[in-house]
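Asker: Have a look at this one before I ask anything.
The values are calculated or read from the model by the stated rules, or taken from the named source; none is laboratory data. The structure presented is a predicted model; accordingly, all values stated were derived computationally and were not measured. Note that we place each Cβ from the backbone using ideal geometry, even for glycine, and neighbour counts take in every protein chain shown.
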Amino acid sequence: MNAEWKGQRHGIGIEVVPVVKENRFRVLIAERNPLVIAALGDMLSRDSRFELAESVQTGKAFLEAASTAAPQFDIAVLGWRLQDMDSGEVLAEMQRRSLHARVVIFSNDHDISILKQCVRLGVQGFCYQFDDPAILFDTLVAVAHGRICIPYMDVSKINDTPLSRLTARERELLSVLADGWTNLQIAARTGISENTVKYHLKNLYDKLDVRNRAMAVALYASEKNRGPHLSSQ
């Protein structure tokens, strides 16, 4: 906490006493819609617990801000869809780079698969844009203090990872993706065409409910550390 000094008169003397001010949480907003940024910024400015540190509209800009040696924010609010990527891709890239920024996803989509995907990728907080603003602010405070704050969902469905639905061949394919193999290398080692590799990758991404290789590898790494379900069945 910061302290300011204020004089108070007592009889003929002046007593100097400290006035304690609580530090505000510095919030970075990453959102593609400037109207949402403006509305969030206005609400944050009216709450003494927060101050707006920065606003960006792309995942690339957020990742750059989070990659600095001393990030200029305490917590980030990420809209689900940014100008250049969605926040699932941002979370996957954060895992790949071992970035540890505290993030709350602010989604305008009620699709439960988005929430499940974010939880699998290690998000600390999740809110919907149609929630009461107080819910978002309470979530920000909770996450800033190191807690996880997400909407209610069946925990067993979080643990029931899509990886358990993969065939042995698909698990093998995911494993070599995690090892950094290119499509051409996979084709050469398995004796199939590169187009066939792309076809299998598309099916793999659909099963995992991810959009690209980076997200698939991040999910694989996260789930591999959580249990034995990746072993051959």
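Asker: Report, by residue number, each residue of segment 124-143 that is touching a Lys or Arg at 6+ places or on another chain (Cβ under 6 Å) and without any contact (Cβ under 8 Å) to a residue 60 or more places away in the chain.
Answerer: Gln124
Asker: When Gly41 is evaluated against the numbered criteria (1) under 19 Å from Phe137 (Cβ atoms); (2) touching an Asp or Glu at 6+ places or on another chain (Cβ under 9 Å), which criterion, by number, is the only one it fails?
Answerer: (2)
Asker: Please work out if Ala76 is touching a Phe, Trp or Tyr at 6+ places or on another chain (Cβ under 8 Å), more than 22 Å from Ala216 (Cβ to Cβ) and not assigned by TED's automatic domain parsing to the domain that holds Leu208.
Answerer: yes
Asker: Kindly provide the set of residues from segment 207-223 that are modelled with pLDDT of 85 or more and hydrophobic (A, V, I, L, M, F, W, C), ordered by number.
Answerer: Listed by number, the residues that qualify are Leu208, Val210, Ala214, Met215, Ala216, Val217, Ala218.
Asker: If you go through segment 29-47, how many residues are in the same structural domain as Ile135 (by TED's automatic domain parsing), over 17 Å from the mean Cα position of the chain (by Cα) and not in a helix (DSSP H, G or I)?
Answerer: 1
Asker: Would you tally the residues in segment 179-217 being closer than 21 Å to Glu93 by Cβ, surrounded by 15 or more Cβ atoms within 10 Å (Cβ to Cβ) and either aliphatic (A, V, I, L, M) or touching a residue at least 40 places away in the same chain (Cβ under 8 Å) (or both)?
Answerer: The total comes to 10.
Asker: Now for a separate question. Here is a list of conditions, (1) surrounded by 15 or more Cβ atoms within 10 Å (Cβ to Cβ); (2) of a type in the set (S, T, N, Q); (3) farther than 15 Å from Arg102 by Cβ, and Ser87 meets all of them except one; can you say which number that is?
Answerer: (3)
This table checks each residue for (1) within 12 Å of the chain's Cα centre (by Cα); (2) part of a strand (DSSP E or B); (3) buried (at least 20 other Cβ atoms within 10 Å of the Cβ); (4) modelled with pLDDT of 95 or more.
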| site | (1), (2), (3), (4) |
| --- | --- |
| Trp5 | no, yes, no, no |
| Ala69 | no, no, no, no |
| Phe73 | no, no, yes, yes |
| Ala92 | yes, no, yes, no |
